[in-house]
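Where a number appears in this text, it was derived from the coordinates with a stated rule and is not lab data. Small disclaimer: the values here were computed from a predicted structure and weren't measured. Every residue, glycine as well, gets a Cβ built from its backbone with ideal geometry; the counts of neighbours run over all protein chains shown.
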Amino acid sequence: MTTELTGLGVSPGVVVGPVCRMGGRPALPPAGPPPADPEAEVGLAAAALETVAKDLAARADGAGEEAAAILEAQALMAADPALADGVADRVRAGASAAHALHAAFGEYRELLAAAGGYLGERVADLDDIRDRAMAAALGRPLPGVPAPGYPYVLVAEDLAPADTVGLDPRTVLALVTERGSPTSHTAILARSLGLPAVVGCRAAAELADGTVVRVDGGSGVVVAGVDPAGIAAGPPAAARPDYTGPGRTADGHPVQLLLNVGSAADFAPDAGGTGDAARAVGLAGAEGVGLFRTELLFLDRSDMPDAAEQQRAYEELFRAAGGRKVVLRTLDAGADKPLPFLGLRPEPNPALGVRGLRVARVMPEVLEAQLAAVAGAARATGAEVWVMAPMVSTAAEAASFAAAVRAAGLPTAGVMVEVPAAALHADRLLAAVDFLSIGTNDLGQYTMAADRQSGDLAELLDPWQPAVLQLIAACGAAGRQAGKPVGVCGEAAADPLLALVLVGLGVTSLSMAPRSVPAVGAALAAHSLAECEQLAAAAVAAAGAREARDAVQAAAR
Amino acid sequence: MEQRTVTVGSASGLHARPAALFVKAAAVAPARVKIRVGDGRAVDARSMLSVLSLGAKKGTVVTLEAEGDHAGPAVDELAALLERDLDAEPGPA
């Protein structure tokens, strides 16, 4: 007996596999009456701690040296006899297992936090063990990405970047989340790893661990209760391993196909043998980097990386790009994407707050230091480096940024178009800078006034929304008028059908995850520029996102 | 009661790997050993959290205590472990 669930398909591919749920952090339930059988409750708490200690010790076995040291220390903490005594005492005094655990851990937490330094940093490790022990005592799945020892479909309410550090595409077959949208972290992560993914699937809340599901990341359909033997999993759609570049339409109009990367490691050949031919072809055939997300290098730093360290990191990436052009984006941080060393104050609306280039208003030295390091790295490697700023709202900001870039000795300055005001004034921006790069994820968010993380509003965040396409058209027209490049580096660029529309709107380069390059290249090569322009006109004129996609799908090759 | 006073020899003090090695050895020692810094409270050497909370650094002077049968050898063994620079020694194969 199968059940069909639907969500939004955000990363194509079909797989069949068992569900493993990722647990969220357990909330402490309200305090109830003392346990009826205190000794049994003591046993429950002790068993929870033992489960956690064993699980952590097992993970330590399979981990690299550094991770193993932390996991082993955590396992010892979970097995700590003094902690167990503290928990038992509290249970006998009338607390439930979960409450006793929470309080006992809390005592040590205060000790460690007060000591500061190295011990203060162990507080996070302790909180992690506490959450795991509480989850075990409450009979819930353990928080964090599961490691059951076999390949599985990861099901979660949602996935934050921190949750998915170290996600291994060899053991995780697909991602299914209850919330999330086409531009949420889950979608971006899935596309970069080449994993099928379905988001905004509310009914996934009912999927139990072990249920065998068939996930179709293209249609967004998840079928539960399939026979694992009966259905063969298909490879991701359109691998097209024969693409070599450079990007161009059927009649030879050039469209640079570029890569979105965060570090030199993104260029590493696939040592794990997942056989991702599309990624390898994309890495080789792309004409450079269209988006180098510099903040990814420093996400966990509590002190600002100094000029020398930054320069080394940038040099490493420029070299990995192998003599090809690199478009570098200055630090894109905000209250929701915090860089600890910036010390940004929490804000009620981080998406509308001090983020991206706006940080330079309050901390100009951070931008200066970064530009100096970029310039140093460009000189040292001889690389062709273009620099752009995120979250630009006015032509004045663009001009001031361009001045700073040139003062640092870098010849080519641009800005990202994410804010509707910037799109509406694209012509004024291009009077001050050398190029524009459209961040379609955030442009969609701000234009449609819909939170990127919202599953309820996923339809508004569909990159095919005609109003957003119209703003992209304004940028394309301004670029044509000024004779300057206008690229797209958001997720929209990776969609072969939408890429045709973007080119028809005047976009001159498309930047995406490596594995998306071959399919986009093939789609472009099959259509003339005039055909792209016709498809674009149809999309912009459509009544809505779905109609736009349907119209282009029907007319394209 | 058997006592030994030693100086912590590991570069990172009684943190991380040295603490883990010490606590694991204490768990299998033939007697129950306690550890204190100066005149501070003596804590169970098998308790990772208590040992960490001592905040012992390289050069900190600590005292190990144990009672009953086999107290002497237990304290000797753990004292010898503390004096070594465990950070300089290679990990398990």
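Highest first, please rank the peptides A:436-446, A:21-31 by the mean number of other Cβ atoms sitting within 10 Å of their residues. Please list the in-between numbers first.
On the way: A:436-446: 25.5, A:21-31: 14.8.
Packing order, densest peptide first, comes out as A:436-446, A:21-31.
Translational D (Stokes-Einstein, µm²/s) of the range A:296-406 at 37 °C and 0.692 mPa s when Rh comes from the Kirkwood sum over C-alpha pairs? Mind dumping the intermediate values first?
Details: Rh = 14.6 Å.
It comes out at roughly 225 µm²/s.
Between the range A:450-502 and the range A:522-550, how many Å separate their Cα centres? Each part reduced to its Cα centre gives a spacing of 12 Å.
The lysines within cross-link reach of B:K24, meaning a Cα-to-Cα straight distance under 27 Å and a gap of 8 or more places when in the same chain, are A:K54, B:K34, B:K57, B:K58. Computed over the range A:472-542, the P(r) curve from all C-alpha pair distances, binned at 10 Å from the origin, holds 22, 55, 23, 0 percent per bin.
Across the range A:461-475, coupling constants 3J(HN,Hα) worked out from phi with the 6.51/-1.76/1.60 Karplus curve, θ = phi - 60°, read 8, 4, x, 7, 4, x, 5, 5, 4, 5, 5, 5, 4, 4, 5 Hz, and Gly and Pro carry x. Gyration tensor over the Cα atoms of the range A:285-508: the corresponding equivalent ellipsoid has semi-axes (square roots of 5 times the eigenvalues, largest first) of 26, 21, 17 Å. Between amide H atoms placed 1.01 Å from N, distances below 5 Å from B:V33 occur with B:A45, all of them 5 or more places distant or on a separate chain. Taking the longest Cα principal axis of chain B as reference, the axis of helix B:71-83 is set at about 20 degrees. Restricting the calculation to alpha carbons of the protein assembly as shown gives Rg and Dmax of 28.4, 93 angstrom. Annotation: aspartates and glutamates with alpha-carbon distance below 19 angstrom to A:K337 (same-chain offsets under eight excluded): A:D158, A:D163, A:E295, A:D300, A:D303, A:E347, A:E418, A:D442, A:D451, A:E491.
Its alpha carbons give the range A:38-137 an Rg and a Dmax of 13.3, 42 Å.
Let me know the mean shielding of B:48-59 by other chains, meaning the per-residue number of their Cβ atoms within 10 Å of its Cβ. Mind showing how you got there, number by number?
Values: counts 13, 18, 6, 3, 12, 8, 2, 8, 0, 2, 0, 0.
Per residue, the number of nearby Cβ atoms from other chains is 6 on average.
Its alpha carbons considered, the range B:1-91 gives a radius of gyration followed by a Dmax of 11.6, 34 Å. The separation of the range A:307-382 from the range A:1-52, counted between C-alpha centres, amounts to 39 Å. Computed from phi, the 3J(HN,Hα) profile of the range A:196-202 under the Karplus parametrisation 6.51, -1.76, 1.60 (θ = phi - 60°) reads x, 8, 10, 10, x, 9, 4 Hz, with x in place of Gly and Pro.
Cα centroid separation, the range A:173-194 to the range B:16-32: 44 Å.
In a simple Cβ point-charge model (Lys, Arg +1; Asp, Glu -1; nothing else charged), the protein assembly as shown has a dipole of about 1360 debye relative to its Cα centre.
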